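Data block below; observations after.
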Amino acid sequence: MKNIFKSFLAIVTVSLAVSCSDDTDIAPFKPLIFSEDFPEPDINYNATFDFEGWTNFAETGTKLWIERDYNNDGYIQFSSFGSSQSSNIGWAITPEITISEDANAVLSFSSASNFVDNPDNKLEVFISTDYDGTNVLAATWDELDAIVANNTTNNYTYIPSGEIDLSSYSGTVHIAFKVTGNGTTLDGLFQVDKIKVYSNN
């Protein structure tokens, strides 16, 4: 009888481990709408970020977001270091995300910074309902109230964004991560990872 109980306990434990590792849900089991954690096998280290469906756009200057990984964990990074340009503004914009009217959606992500010594060098997060996938500056972008890495965090310390309320948005949306800096006095870098949009119902 003891062996039967131990076998049953082992089966239950394995089943729980499998269900908890399922990346389609957010604890406690909230349905996932969109997710991107830049898996290390898909990362081409230091290459220009070009994941399918994403937009990598330089508003000013020539710097673009790049792909990086550390300890088998991928992420994207924007740095104006070495550009010697008066302004570098780079956008990384998600593919289309479809949010149903009753989703009560929430956004979360993590960000980090290093070598940032001026608050004018910053990371901002926006959402658009009318971005056509091509013309970034013609779209309407609403800034989201997110906790982001800045000039006071540094040291590559990842900062959770908190749960960002998207309940007023439905239909097709895009999320944008925008970094402002330059390669002369505003050196520094920003990293973004673990992006998730999920239902908070």
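Can you give the extra length, in nm with one decimal, that the chain gains between Glu124 and Thr152 once fully stretched, where that is 0.36 nm per residue apart less the Cα-Cα distance?
Extra length available between Glu124 and Thr152 comes to 8.6 nm.
GluC sites (Glu not before Pro) within segment 50-157: which are DSSP loop residues with at most 16 other Cβ atoms inside 10 Å?
Within segment 50-157, the qualifying GluC sites (Glu not before Pro) (loop, at most 16 other Cβ atoms within 10 Å) are Glu52, Glu96, Glu101.
Multiplying the sequence separation of Ala138 and Glu52 by 0.36 nm and subtracting their Cα-Cα distance, what value in nm do you get?
Between Ala138 and Glu52, full extension yields 28.8 nm more.
Just to confirm the number: angle between the C-alpha axis of helix 2-20 and the first principal axis of the chain, 0 to 90 degrees, nearest 10?
20
Restricting attention to the alpha-carbon atoms of segment 89-201, what are Rg (one decimal) and Dmax (integer), both in Å?
14.6, 47
For segment 89-129, count all C-alpha to C-alpha pairs, find those more than 16 Å apart, and express that count as a whole percent of the total.
So the portion of pairs separated by more than 16 Å is 54 percent.
Rounded to the nearest Å, what's the spacing between the alpha carbon centres of segment 147-169 and segment 67-124? Just the number, please.
10
So what are the three principal axis dimensions of segment 26-130 from its Cα atoms, in whole Å, longest to shortest?
Taking max minus min along each principal axis of the Cα atoms, segment 26-130 gives 47, 33, 26 Å.
Write down the accessible area per residue of the chain in Å², having rolled a 1.4 Å probe over the full set of protein chains.
53
Keeping the other protein chains in place, figure out the carbon and sulfur percent of the accessible area of segment 81-201, with a 1.4 Å probe.
On segment 81-201, the fraction of accessible area on carbon and sulfur atoms equals 46 percent.
Once you put a point 7 Å from the Cα of Thr184 and another 7 Å from the Cα of Tyr70, both along the Cβ direction, what distance in nm separates them?
2.9
For the chain, list log₁₀ I(q)/I(0) at each q in 0.09, 0.19 Å⁻¹, using the Debye formula over Cα point scatterers of equal strength and ignoring solvent, two decimals each.
-0.39, -1.39
The values are calculated or read from the model by the stated rules, or taken from the named source; none is laboratory data. Here the structure is a predicted model, which means the values were calculated and not measured. Using ideal geometry, Cβ is built from the backbone for each residue, glycine included, and neighbour counts are taken over all protein chains shown. Note: accessible area is taken over every heavy atom of the protein model, side chains too, but ligands, DNA and RNA are not part of it. Shrake-Rupley method; radii C 1.70, N 1.55, O 1.52, S 1.80 Å.
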